[in-house]
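The structure appears below as structure tokens.
The values are calculated or read from the model by the stated rules, or taken from the named source; none is laboratory data. On a predicted model such as this, the values are computed, not experimentally measured, just so you know. Glycine gets a Cβ as well: all are built from the backbone with ideal geometry, and neighbour counts include every protein chain shown. Note: areas computed on protein heavy atoms with side chains; ligands, DNA, RNA excluded. Shrake-Rupley method; radii C 1.70, N 1.55, O 1.52, S 1.80 Å.
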Amino acid sequence: MKKLIELYKQWSGAEPQNVIKLPGAGSNREYFRMEASEGHSVVGCIGTSRDENHAFVYLARHFHQRQLPVPEVLAVSSDELRYLQTDLGSVSLFDAIRGGREAGGRYTLREQALLRQAIRQLPEIQLRGDRGLDYQNCYPQPAFDADSVLFDLNYFKYCFLKATEVDFHELKLEADFRLLAKDLTAAGDEQCFLYRDFQARNIMVRDGQTEGGGRSKVNDGRKCYFIDFQGGRKGPYYYDLASFLWQASAKYSHKLRRELVYEYYNSLKQYTEVPSPHKFVERLSLFVLFRQLQVLGAYGFRGYFERKQHFIESIPPAMQNIRELLQERRFPYPYLMDVLERLASLPQFQQIQATASRADGYKTTDKNPYKPHPQDGPATFSKYDAQGPLTVRVFSFSYRKGIPADDSGNGGGYVFDCRSTHNPGRYEPYKQLTGLDEPVIRFLEDDGEILTFLDSVYKLADAHVRRYIQRGFTNLMFAFGCTGGQHRSVYSAQHLAEHLNSKFGIEVHVCHREQNIMLTLPARQ
């Protein structure tokens, strides 16, 4: 500490008036906020690895020269074990989106705006940051290669897989590991600066002006800055995207995650040639698979061996990511897939399956927000006597069984007929599923008719909700009907409910009548 204060004195001409130790960040580096009498502050760092500090200082100076949003290095000790950098405040992106994470992944528009900003800026760091960068300064190695992939895969094998006591043939598994490592490191045009630890905790959020000097109504002019990139190296850009969007604790819904991938893809196109969307997603899935194995290895070590409960609790949602990936993609590693399927079916990893398949945040009586409780009886709303702010009720129903009755006393509301759109219920693979299931969602969205239909619904509903709020009304009803009340109407009702809840922050009650499912999307601040 004495040497850090001396470095500050050499830089500023006076000792700091106050020094506050900042919370640890999971590394051997220590950070301190060093304040001057006039209120100005900088952050001082003490590290134990000269090479790691050198990598950060070199990268920070390189990125700052390229006018990227990173801290500026102000002073460095002669032995490179201490340095000073600009103070970016105390609010990380992880902190700024805490509300959405704690609500089960239901992020407000303000939170989503920050996520979009961060993901749009990632290609800046990766591609602009790559220009002129001497990777020999990186730590602990200059490039992402097959050896580093195999190290992480074996970390998964020894620290997680063996701890679960799943039986496996080591040579067969190793053969698939080598194939995966080869595919991940295949040469291509995707090479850039690989951040390596791109996560919400390593992005700081500060108040500021948006481009053009104005403030955005959504993000209030807040700007993202990037820190802790000292582990970066040359590598494929897919890695960072997979790390950020498939972090289990973030609980991003499939819909939000898909939108953020789209944001990244469009931003990336400004800096380099990109493959077709299909090829991009196909290649990205390899890195998602690798990243999930990598984090399970870390969770296994921290949880099973170091006995840290937080990491043990992180395993089921990470396993749910594996489960969903196996359902969505076919990978050319048959033995590894067999091991993962057996692993994902273990009883200790099942408790999260019901709630993690979709980020919910709904008030329900069952662990699965889409499954009625056996004692609930038929799915219907009781007499509804709303008080205070506007509450919206959204129904899905079958025309064969009639339009839902309005028990609010307001005389009903909008009824939309979904039967003009393509019906997945005509095809055998979808007959036992509903509009809440991922295969049906993909069918409807790939076909596109339902999206055109809902676009018009959203415009009408938005105008009506906005006016009801202005007039102080407390109750509004929407209903969507189709042939069986199973696919198209369920999809439409669910998406309108989520749209209105997200856009206006109002409480929305959903009743999928024929499925005997009731949900509540709580009001948001």
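Under 9 Å between Cβ atoms, at least 6 apart or on separate chains: pull out the pairs that start in region 258-273 with a residue that is touching a residue at least 60 places away in the same chain (Cβ under 8 Å) and end on any residue that is surrounded by fewer than 14 Cβ atoms within 10 Å (Cβ to Cβ).
272/189; 273/189
If only one of 234, 217 is under 23 Å from residue 273 (Cβ atoms) and either surrounded by fewer than 18 Cβ atoms within 10 Å (Cβ to Cβ) or modelled with pLDDT of 95 or more (or both), which one is it? Quick ask: steps written out before the conclusion?
Numbers: 217 fails: under 23 Å from residue 273 (Cβ atoms).
It is 234.
Cβ contacts < 7 Å: first residue more than 14 Å from residue 518 (Cα to Cα), restricted to region 486-506; second residue open to solvent by less than 10 Å² (accessible area, probe 1.4 Å) and aromatic (Phe, Trp, Tyr), any location; separation 6+ or different chain. Result?
As it stands, the answer is 489/397; 489/480; 492/480; 496/478, since those pairs meet every condition given.
Within region 97-122, which residues are of a type in the set (A, V, I, L, M, F, W, C) and out of contact with any Gly (no Cβ under 6 Å at 6 or more places or on another chain)? So that I can check it myself, show each step before the final result.
So in region 97-122, the residues of a type in the set (A, V, I, L, M, F, W, C) come out as 97, 103, 109, 113-115, 118-119, 122.
Once the filter is applied, which keeps residues that are of a type in the set (A, V, I, L, M, F, W, C) and out of contact with any Gly (no Cβ under 6 Å at 6 or more places or on another chain), region 97-122 yields 97, 109, 113, 114, 115, 118, 119, 122.
Can we say residue 261 is modelled with pLDDT of 95 or more and among the aliphatic types (A, V, I, L, M)?
Numbers: modelled with pLDDT of 95 or more: yes; among the aliphatic types (A, V, I, L, M): yes.
Yes; evaluated as a whole, the condition is true for this residue.
With region 431-525 as the region, which strands (runs of 3 or more DSSP E) entirely inside it contain at least 2 residues that are in contact with a helix residue (DSSP H, G or I) (Cβ under 9 Å, 6 or more places away or on another chain) and closer than 18 Å to residue 253 by Cβ?
Working: elements: 475-482, 507-512, 517-521.
The strands (runs of 3 or more DSSP E) meeting that bar are 507-512, 517-521.
Could you tell me how many of the residues in region 400-438 are aromatic (Phe, Trp, Tyr) and without any contact (Cβ under 8 Å) to a residue 40 or more places away in the chain? Lay out the reasoning, then the answer.
Just the residues of region 400-438 that are aromatic (Phe, Trp, Tyr), to begin with: 414, 416, 427, 430.
Still in the list and also without any contact (Cβ under 8 Å) to a residue 40 or more places away in the chain: 427.
Number of matching residues: 1.
Can you name the number of the only condition in (1) open to solvent by 20 Å² or more (accessible area, probe 1.4 Å); (2) at pLDDT below 95; (3) not hydrophobic (A, V, I, L, M, F, W, C) that residue 100 fails?
(1)
Kindly indicate which of 267, 243, 249 is under 23 Å from residue 94 (Cβ atoms) and modelled with pLDDT under 90.
On the way: 267 fails: modelled with pLDDT under 90; 243 fails: modelled with pLDDT under 90.
The match here is 249.
Checking the conditions here, which among 471, 524 is free of Cβ contacts under 8 Å to residues at least 12 places away in the same chain and open to solvent by 10 Å² or more (accessible area, probe 1.4 Å)? Talk me through it step by step, then tell me what you get.
Working: 524 fails: free of Cβ contacts under 8 Å to residues at least 12 places away in the same chain.
The conditions single out 471.
Tell me which residues, restricted to region 274-311, are open to solvent by less than 30 Å² (accessible area, probe 1.4 Å), in contact (Cβ under 8 Å) with a residue 24 or more places away in the chain and not hydrophobic (A, V, I, L, M, F, W, C).
Residues satisfying the conditions are 285, 292, 294, 297, 300.
How many residues, within region 407-460, are acidic (Asp, Glu) and surrounded by fewer than 11 Cβ atoms within 10 Å (Cβ to Cβ)?
Initial filter on region 407-460 (acidic (Asp, Glu)): 407, 417, 428, 437-438, 445-447, 449, 455.
Going one step further and asking which of them are surrounded by fewer than 11 Cβ atoms within 10 Å (Cβ to Cβ), we end up with 428, 446, 455.
Of the residues in that region, 3 qualify.
In region 108-120, is there at least one residue being without any contact (Cβ under 8 Å) to a residue 60 or more places away in the chain, under 24 Å from residue 203 (Cβ atoms) and open to solvent by less than 40 Å² (accessible area, probe 1.4 Å)? Let's see the steps before the verdict.
So in region 108-120, the residues without any contact (Cβ under 8 Å) to a residue 60 or more places away in the chain come out as 111.
After this cut, where a residue has to be under 24 Å from residue 203 (Cβ atoms) as well, the list is 111.
Checking the rest, the ones that are also open to solvent by less than 40 Å² (accessible area, probe 1.4 Å) come to 111.
The answer is yes, given that some residue of region 108-120 is without any contact (Cβ under 8 Å) to a residue 60 or more places away in the chain, under 24 Å from residue 203 (Cβ atoms) and open to solvent by less than 40 Å² (accessible area, probe 1.4 Å).
Please specify each residue of region 106-152 satisfying the condition of being of a type in the set (D, E, K, R), under 24 Å from residue 502 (Cα atoms) and assigned to a loop (DSSP other than H, G, I, E, B).
Of all residues in region 106-152, those of a type in the set (D, E, K, R) come to 106, 110-111, 116, 120, 124, 128, 130-131, 134, 145, 147, 152.
Then keep just the ones that are under 24 Å from residue 502 (Cα atoms); that gives 106, 110-111, 116, 120.
Residue satisfying the conditions is 106 alone.
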